[in-house]
Amino acid sequence: MMQAIEIAAAVRSGQVRAIDLAETCLARLAQGDPFAAVTRVLAERARDEAGRVDAAVAAGRDPGPLAGVLYGVKDLFDVAGLPTTAGSAIYADAAPAAHDAQAIARLRQAGAVLVATLNMDEFAYGFATINARHGTTRNPHDPARLAGGSSGGSAAVVAAGIVPFALGSDTNGSIRVPASLTGLYGLKPTHGALPMAGVFPFAESFDDVGPFTASVADMQCLWQVLAGSPDVAGTGHELRVARLGGRFRDNADPDQLTAIDAIAPDAPLIAVPDIARARSAAFVITAFEGGALHAQALGRAPMQFDPATRDRLIAGALLPRGLYEQAQEFRLQFKQKILDLVAVYDVMLAPAAPCVAPPIADPRIMIDGAMVPARADLGVHTQPISFTGLPSLAVPLRRPGRLPLGLQLVGKPGGEPALLRFAAMLEDKGWTGSTLPVGEMA
């Protein structure tokens, strides 16, 4: 599939019509969804938006940097005229959203064409996209394996070449984990850097939105559109790089550690303290905020919840507020320690997901020498980063013919331009880059 920026250039120049791109995608989606990635096809909306783009081109107006580029959104973004379900049957008949989420509005203004809403773990509570209503999203690189979650549908449609980019949300790793498992770039921005208006919350202390793309250039374009930032890739001094050690070097695939050490062999190895405590505190905050958000619905209609989600939300609703407040206090202290520790570095290297995609038939992974549920523990390396609010860009190691593995590029607050600049260097040198699923490489 062409990059989003290439498609937009072809549409703006009149070489390709946006409506033809939309019809081709809609025809593919009409043939079925082998990955259980799509929850709703928005055919009427896609045709209308594509028609508006073509009309602008015909009138000599610039339709925007994403002219005619098709995309999908995780099923927790408000889409005008549709109920926002957050992957749950509970809200299937809710009142329709009056307006698009702010992120969608910015993409529409840039000329992008929304074609589908996408599968997720119910209420974004999980790392696997195992959904009782919509099914388990399958990995395009191996349909017998998970795509990761909770934004698995968003990752799968990009990895399968159905659309050039998609939007997801990341609370504890829900963009970076599926990006790693499906061989994509996935951005969790500095907490609060991208608009959250019109996005169904999970745990507002950590929630962020971000894109999945197959190239750094597309990610740079999406960052500029969504953030309104003129500084896309950053310039200036030579980037200062470190490697995250301690727990970040445990529970990792050996190929990830080899790649990190080869990319930055002379970079200092920083042992981050209290990572296990930070992850535990993140669990407490996530569970408490999620449980509080859904407490009334749990009391009203508990049997309508996905059982796996319901049990975790009930546990969170029963947590004492004092424990939550202690976790938040620890978070502030931990964040300051990390900021002091990494103040002189622009990019810190770490694994993303701890392994390749686990099989759907046995969705468990090895953590600390024991087999544990993937749905809860694929975020072992991403959760501590969310806990600090730092930006993190998942990048796919280039490994054609093998299951994907990803790294995290972690930055300072507001350091997305530096991360994009470093990612572009890695891609240029051949260290990273998205590859098509094996069956589509010809």
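The values are calculated or read from the model by the stated rules, or taken from the named source; none is laboratory data. Here the structure is a predicted model, which is why all the values come from computation and not from measurement. Using ideal geometry, Cβ is built from the backbone for each residue, glycine included, and neighbour counts are taken over all protein chains shown. For the accessible areas, the whole protein counts, side chains as well, though only heavy atoms, and no ligand, DNA or RNA atoms are used. Shrake-Rupley method; radii C 1.70, N 1.55, O 1.52, S 1.80 Å.
The set of residues in the stretch 235-261 being farther than 13 Å from residue 351 by Cβ and either more than 26 Å from the chain's Cα centre (by Cα) or surrounded by 21 or more Cβ atoms within 10 Å (Cβ to Cβ) (or both) consists of 236, 237, 238. Looking across 164, 140, one residue alone is within 25 Å of residue 401 (Cβ to Cβ), touching a Leu at 6+ places or on another chain (Cβ under 8 Å), surrounded by 24 or more Cβ atoms within 10 Å (Cβ to Cβ) and not charged (D, E, K, R). It is 164. Just one residue in the set 323, 332, 339 is in contact with a Lys or Arg (Cβ under 9 Å, 6 or more places away or on another chain), surrounded by fewer than 20 Cβ atoms within 10 Å (Cβ to Cβ) and in a helix (DSSP H, G or I); that residue is 339. Within the bounds of the stretch 277-287, is there any residue that is open to solvent by less than 30 Å² (accessible area, probe 1.4 Å) and either over 23 Å from the mean Cα position of the chain (by Cα) or within 13 Å of residue 349 (Cα to Cα) (or both)? There is no residue in the stretch 277-287 that is open to solvent by less than 30 Å² (accessible area, probe 1.4 Å) and either over 23 Å from the mean Cα position of the chain (by Cα) or within 13 Å of residue 349 (Cα to Cα) (or both). If you go through the stretch 36-90 and keep only what is open to solvent by less than 20 Å² (accessible area, probe 1.4 Å), assigned to a helix (DSSP H, G or I) and in contact with a Pro (Cβ under 8 Å, 6 or more places away or on another chain), you end up with 53, 56. For the stretch 361-385, the set of residues classified as in a loop (DSSP other than H, G, I, E, B) and over 23 Å from residue 397 (Cα atoms) consists of 361, 362, 368, 369, listed by residue number. For the stretch 386-400, a residue qualifies if it is farther than 22 Å from residue 122 by Cα and either out of contact with any helix residue (DSSP H, G or I) (no Cβ under 8 Å at 6 or more places or on another chain) or not in a strand (DSSP E or B) (or both), and the qualifying residues are 388, 389, 390, 391, 398, 399, 400. Number of residues in the stretch 174-209 that are open to solvent by less than 10 Å² (accessible area, probe 1.4 Å) and within 17 Å of residue 119 (Cβ to Cβ): the value is 10. Considering the stretch 342-360, and only residues there that are of a type outside the set (A, V, I, L, M, F, W, C) and open to solvent by 30 Å² or more (accessible area, probe 1.4 Å), the residue that is nearest to residue 397 (Cα to Cα) turns out to be 359.
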